Amino acid sequence: MKFHIVTFGCQMNDADSAWLELALTRRGWEHVPEEQARVFVVNTCSVREKPEHKVYSLLGRLKRYCEGRDGFICVGGCVAQQVGQEFWRRFPRVRLVFGPDGLASVPDSLEKLMARPGLRISLLDFADSYQERDFSRGPGKAPIQAYVSIMQGCDNFCAYCIVPYTRGRQKSRSSSNILQECSELVQAGTREITLLGQNVNSYGLDGEGDGLSFARLLEEICKIPGVKRVRFTTSHPKDLAPEVIAAFERFPNLCPALHLPLQSGSNSVLKRMGRRYTKEKYLDLVNRLRQTRPDMVLSTDIIVGFPGETEADFSQTLDLVRKVAFDSSFSFKYSDRPGVRAASFADKVPEEIKGFRLDLLQREQDVFTERSLQNLVGSTRECLVEGRSLKPGTPDETLWKGREPGGRIVNFSGPARDLTGELIPVTITQAKKHSVFGEVGKSYD
Ligand code: SF4
């Protein structure tokens, strides 16, 4: 059966889609380009208004592909959980809707749908515990870099966030399954593992945990023979434990890169968001991280225009961005999400003011990002090669793409032989807007 998966949103969704593709391929299905497929799976994101609207326009386009080849569509992820069976009424070609907790049952459900043309299935119930999936890979190489989910859902209910309503309450995965999946990936060729969760720092703190803390889990994974690099995302500042900070010093294969969402630099905004930390606490964490690992690469998320955000609040956000000098940041205008607390807050900030603040913030951040990349010039960084670069090179050079330990993209010229998966020292020669260029020593021919 020919299928095609379209994925929106976060790394959790990327990991879910990668698992589904593997599970279906192992059942003899074939993942093909959109125009050749008969079954379409759309894995959706509803963290903001815009991604949700993208889903509806895509379903309109896919509907045309379904006509004339008896095709059908499956909608999964956060918008599916939010909108549910309403999809059937609006898009008759949709025959399966599944939430994040329903993913493990999708392969069986698709085979039922193939066997019974009129059938429709919805997998929208939240589970009480982490829904383990068959993560065995079968023969064949594993990807160089792999995502490993360690938990599902979130208990924090930040005032602007829809995730607890679409991914459910926090459920930690059993540490033995996580460790087994990581070991099998490394044996099958994976060099870099990224642990995924909405708030990985609170791993094991829900009823489902088996007593292992995130710091202990990290230690066990860093000790797996053959694992070259370990990363994790996303962290919540209120739960970043001293043991996790110390792990950056103890384990050389734990990459010096951390995504630590700030959201706002104003304590009154942080309070109304329900973030449960102050800007002082955040700055203290940053200082301790940099003392522990001076080459730490820090990225963050920031929301501008949260209801009630004043000019003074926003200037505190700018002030904190300057103090921390993040290596990169993702910043967004606040938008109401259905059912979240902030949607009913008064003092909504006008769109044009949100746009003005976002522009100001992003221009400030560009300065620090450029500086972060410029500081790499002249240094030699060990890069994990991901494959050929898409950047145009000169006819006589071969360009490769990789990432240095801090996670920044390095395009470099190197030998023609396949370097994919190798860890190679690259001398950085030039900084670009979002990446750097370099070259490898002659010894690599
Ligand atoms: S920590 Fe807050 S922002 Fe992050 S997923 Fe949970 S509720 Fe959403």
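So that you can scan it fast, the table gives a plain yes or no per residue for (1) touching a residue at least 40 places away in the same chain (Cβ under 8 Å); (2) in contact with a Phe, Trp or Tyr (Cβ under 9 Å, 6 or more places away or on another chain); (3) surrounded by 15 or more Cβ atoms within 10 Å (Cβ to Cβ):
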| position | (1), (2), (3) |
| --- | --- |
| GLN316 | yes, no, yes |
| PHE332 | yes, no, yes |
| ARG337 | yes, yes, yes |
| ALA343 | no, yes, yes |
| VAL349 | yes, yes, yes |
| ASP359 | no, no, no |
| PHE368 | yes, yes, yes |
Of TYR160, TYR203, TYR165, the only residue that is within 16 Å of the ligand (Cβ to nearest atom), modelled with pLDDT of 95 or more, closer than 26 Å to LEU270 by Cβ and surrounded by fewer than 20 Cβ atoms within 10 Å (Cβ to Cβ) is TYR165
Scanning segment 131-157 for residues that are within 16 Å of the ligand (Cβ to nearest atom) and either under 29 Å from PRO405 (Cβ atoms) or not hydrophobic (A, V, I, L, M, F, W, C) (or both) gives SER149, ILE150, MET151, GLN152, GLY153, CYS154, ASP155, ASN156
Pairing a residue in segment 251-264 that is under 15 Å from ARG290 (Cα atoms) and in the same structural domain as GLN198 (by TED's automatic domain parsing) with any residue that is of a type in the set (Gly, Ala, Ser) and outside any strand (DSSP E or B), where Cβ atoms lie under 7 Å and the two sit 6 or more apart in sequence or on different chains, gives LEU254/ALA247; CYS255/GLY407; PRO256/GLY406; ALA257/GLY406; ALA257/GLY407; LEU258/SER235; HIS259/SER235; LEU260/SER235
- Taking VAL349, is it assigned to a loop (DSSP other than H, G, I, E, B), outside the structural domain of ARG408 (by TED's automatic domain parsing) and under 16 Å from ILE303 (Cβ atoms)? yes
Counting only helices (runs of 4 or more DSSP H) entirely within segment 97-197, those with at least 1 residues that are in contact (Cβ under 8 Å) with a residue 60 or more places away in the chain are 106-115, 163-166
Note on GLU192: of the conditions (1) among the acidic types (Asp, Glu); (2) away from the ligand (no atom under 16 Å from the Cβ); (3) open to solvent by 30 Å² or more (accessible area, probe 1.4 Å), unmet is (3)
Of the listed residues (CYS78, CYS66), the one being over 22 Å from the mean Cα position of the chain (by Cα), open to solvent by less than 80 Å² (accessible area, probe 1.4 Å) and not acidic (Asp, Glu) is CYS66
*With respect to GLU219, determine if the residue is open to solvent by less than 20 Å² (accessible area, probe 1.4 Å) and among the acidic types (Asp, Glu).*
no
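The values are calculated or read from the model by the stated rules, or taken from the named source; none is laboratory data. Here the structure is a predicted model, which means the values were calculated and not measured. All Cβ positions, even for glycine, are placed from backbone atoms using ideal geometry, and neighbour counts span all protein chains on display. The area values use the complete protein model at the heavy-atom level, side chains included, leaving out ligands, DNA and RNA. Shrake-Rupley method; radii C 1.70, N 1.55, O 1.52, S 1.80 Å.
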